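**Q** My questions will all concern the structure given below.
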Amino acid sequence: MIPLMRFFCFLVALALTASAAFGQNKSFQVLAFYSTNVEQDHVDFAMQAIPFFEAMAKRDNFEFKATSNWNDLNPVVLKQYQVVLWLDEFPSTAAQRTAFQDYMEHGGAWLGFHIAGWMDSRETWPWFADFLGTVFYGNSWPPLPVTLDIDDPSHPAMKGLPASYLSPANEWYSWKPDPRQSPDIKVLMTLAPSNYPLGFKDTLAGGDVPVTWTNTKYKMIYTNMGHGNKIFTSPQQNGFFEAALLWLGGRR
Ligand code: ZN
């Protein structure tokens with residue numbers, strides 16, 4: 001009787017381990033939005049991002065699809081996806097914005113790159129300003145590599161990154177107000193003080209300029225990289241993109 005009981009316990013433990021392992025590798029669906037009729041450096045980024053994430057999808061066992069049809073930002077399509085990416089563009093109609101807001105407020109996940117976080121003013125889309133925790137303020141020019149400091153090494157999206165790393169050439173944005181002031185925002189990466197003054201034609205003089213953050217009320221990460229064809233040249237930064245997406249997909 002006792003050996004049989006022991007065997008039964010063994011079977012239960014085996015089943016639990018197997019289901020936990022299965023949960024770790026459970027596939028999820030990702031839909032990436034991009035545009036081809038925008039600034040060439042932003043198209044270049046999207047054209048590199050798509051094969052980058054396609055390769056990651058094969059490696060990490062999730063489904064990845066990219067579309068330039070922003071009208072797919074609607075409830076019927078979004079229902080099929082666990083994560084949405086904005087590769088250097090943003091919605092332009094009220095219907096697209098409403099669909100995205102509803103998606104995020106009902107458990108959807110978002111990874112936004114570079115100009116995905118851009119708005120001319122808070123009045124354009126107040127919900128998005130609160131979601132992002134700030135509004136675009138200024139930028140550096142020309143694109144330059146920078147040292148980024150990691151604010152929270154314990155966050156799953158920061159897994160494997162050193163305390164600071166060299167991020168490839170990018171146009172860097174500043175924000176107003178500082179997203180760090182919002183109680184909902186957790187900053188993950190910041191421009192290191194050693195970068196200042198940053199830029200020649202357009203200069204970021206100094207201060208606190210967060211680069212990557214999450215709004216803890218949602219499953220989201222915004223990251224400022226995404227200008228030009230150098231973004232995917234850093235293995236460390238590529239590792240961040242992978243960790244961020246897997247975290248948003250519920251894998252970590
Ligand atoms: Zn740009």
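**Q** Restricting to the range 93-120, what's the tally of residues that are within 16 Å of the ligand (Cβ to nearest atom) and over 15 Å from LEU248 (Cβ atoms)?
**A** Looking only at that region, the number is 6.
**Q** Here is a follow-up. List pairs: first residue in the range 36-56 and within 12 Å of the ligand (Cβ to nearest atom), second residue hydroxyl-bearing (Ser, Thr, Tyr) anywhere in the structure, Cβ distance under 6 angstrom, at least six positions apart or on different chains.
**A** VAL43/THR36; ALA46/TYR34
**Q** Does the range 178-211 hold any residues that are under 19 Å from the mean Cα position of the chain (by Cα) and within 16 Å of the ligand (Cβ to nearest atom), and which are they? Steps first, please.
**A** Step one: list which residues in the range 178-211 are under 19 Å from the mean Cα position of the chain (by Cα), which gives 178-180, 182, 184-191, 209-211.
Selection gives LEU191, VAL209, VAL211.
**Q** Out of everything in the range 212-232 that is away from the ligand (no atom under 16 Å from the Cβ) and outside any strand (DSSP E or B), what residue ends up being nearest to GLU89 (Cα to Cα)?
**A** TYR218
**Q** Going through the range 189-213 one residue at a time, which ones are within 11 Å of VAL146 (Cα to Cα) and among the small types (Gly, Ala, Ser)?
**A** Across the range 189-213, the qualifying residues are ALA192, SER194, GLY199.
**Q** Condition first: within 18 Å of GLY207 (Cα to Cα), part of a loop (DSSP other than H, G, I, E, B) and either of a type in the set (Lys, Arg) or more than 15 Å from the ligand (Cβ to nearest atom) (or both). Now tell me which residues in the range 137-157 satisfy that.
**A** ASP151
**Q** Let me ask something else about it. I'd like the full set of residues that are part of a loop (DSSP other than H, G, I, E, B) and among the aromatic types (Phe, Trp, Tyr), limited to the range 76-111.
**A** Matches in the range 76-111: TYR81, PHE90.
**Q** Another question, if that's okay. Report, by residue number, each residue of the range 210-252 that is among the hydroxyl-bearing types (Ser, Thr, Tyr) and under 20 Å from PHE45 (Cβ atoms). Outline the logic, then answer.
**A** The first filter runs over the range 210-252 and keeps only residues among the hydroxyl-bearing types (Ser, Thr, Tyr), leaving 212, 214, 216, 218, 222-223, 233-234.
The answer is THR212, TYR222, THR223, THR233, SER234.
**Q** Next up: Identify all residues within the range 158-172 that are away from the ligand (no atom under 14 Å from the Cβ), surrounded by fewer than 19 Cβ atoms within 10 Å (Cβ to Cβ) and either without any contact (Cβ under 8 Å) to a residue 40 or more places away in the chain or assigned to a strand (DSSP E or B) (or both); write none if there are none.
**A** ALA163, SER164, LEU166, listed by residue number.
Table: residues versus (1) at pLDDT below 95; (2) over 27 Å from TYR173 (Cβ atoms).
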{"position": "CYS9", "(1), (2)": "yes, yes"}
{"position": "VAL12", "(1), (2)": "yes, yes"}
{"position": "LEU16", "(1), (2)": "yes, yes"}
{"position": "SER19", "(1), (2)": "yes, yes"}
{"position": "PHE52", "(1), (2)": "no, no"}
{"position": "LYS58", "(1), (2)": "no, yes"}
{"position": "PHE62", "(1), (2)": "no, yes"}
{"position": "SER92", "(1), (2)": "no, no"}
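**Q** Next up: Which pairs turn up if I take residues in the range 214-232 that are touching a residue at least 12 places away in the same chain (Cβ under 8 Å) and look for partners that are within 12 Å of the ligand (Cβ to nearest atom) and assigned to a loop (DSSP other than H, G, I, E, B) with beta carbon separation below 7 Å, at least 6 apart in sequence or on another chain?
**A** ASN224/TRP172; GLY226/ASP88; HIS227/PRO143; HIS227/GLU171; GLY228/PRO143; ILE231/MET225
**Q** Any chance the range 132-149 includes a residue that's exposed (fewer than 13 other Cβ atoms within 10 Å of the Cβ) and either under 16 Å from LEU31 (Cα atoms) or without any contact (Cβ under 8 Å) to a residue 24 or more places away in the chain (or both)?
**A** no
The values are calculated or read from the model by the stated rules, or taken from the named source; none is laboratory data. Computed from a prediction, not measured in an experiment: that's the story for all the values here. Glycine gets a Cβ as well: all are built from the backbone with ideal geometry, and neighbour counts include every protein chain shown.
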